[in-house]
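What follows is one structure encoded as structure tokens, with my remarks underneath.
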Amino acid sequence: MKSSVLFIGILFLLIAETKFVFANEHHHLYYQTAFFSIKSDSLKRKANENLSSVKICACQVLQLGSLNHRTKNYVLFAERTNRKSFLYDSNKAKWALEKEKRHLTDFFYDKMEVLDNFVENTDCRSLYLRMKKKHSKLILYDILDADLKR
């Protein structure tokens, strides 16, 4: 009876990803939490972060105005994960920007002028923070997710 309870307990702890330490004298069962699963999960997470940190950010600085709003400088971003090639993924990000600009002119703003247009191999949030340091009056309009199928 004791051996079957011990076997079930060992089996349960193995399933729960723990490792066992047996004491020599009294044959008592002690266990410690195994860090293997935590380490492997964190390694997988780091690998995914490294893959996802290879971002492409297309940016357009726009001067937008309408009858109700004064003309102001906005920045519009589209971020895409670099999967195929820089050229392919940057074109997809630019396409997302153009689609959003059409939406803006159709529904919200009468006047739109593109002041600057570029693509960088970085994430859009850090690019915006760098741009904001140089131009404090720059307003973030949106960061579009160009990975989504539209």
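The values are calculated or read from the model by the stated rules, or taken from the named source; none is laboratory data. Since this is a predicted model, take the numbers as computed values, not measurements. Note that we place each Cβ from the backbone using ideal geometry, even for glycine, and neighbour counts take in every protein chain shown.
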In the range 119-139, what count of residues is obtained for those that are among the hydrophobic types (A, V, I, L, M, F, W, C) and part of a strand (DSSP E or B)?
-> 2
In the range 64-101, anything surrounded by fewer than 21 Cβ atoms within 10 Å (Cβ to Cβ), aromatic (Phe, Trp, Tyr) and touching a residue at least 40 places away in the same chain (Cβ under 8 Å) is listed as TYR74, TRP95
With ASP116, ASP142 as the choices, which residue is in contact (Cβ under 8 Å) with a residue 60 or more places away in the chain, within 29 Å of ASN68 (Cα to Cα) and either among the hydroxyl-bearing types (Ser, Thr, Tyr) or not in a loop (DSSP other than H, G, I, E, B) (or both)?
-> ASP142
Which of the residues spanning the range 118-150 are among the polar types (S, T, N, Q) and either outside the structural domain of VAL75 (by TED's automatic domain parsing) or within 23 Å of the chain's Cα centre (by Cα) (or both)?
-> ASN121, THR122, SER126
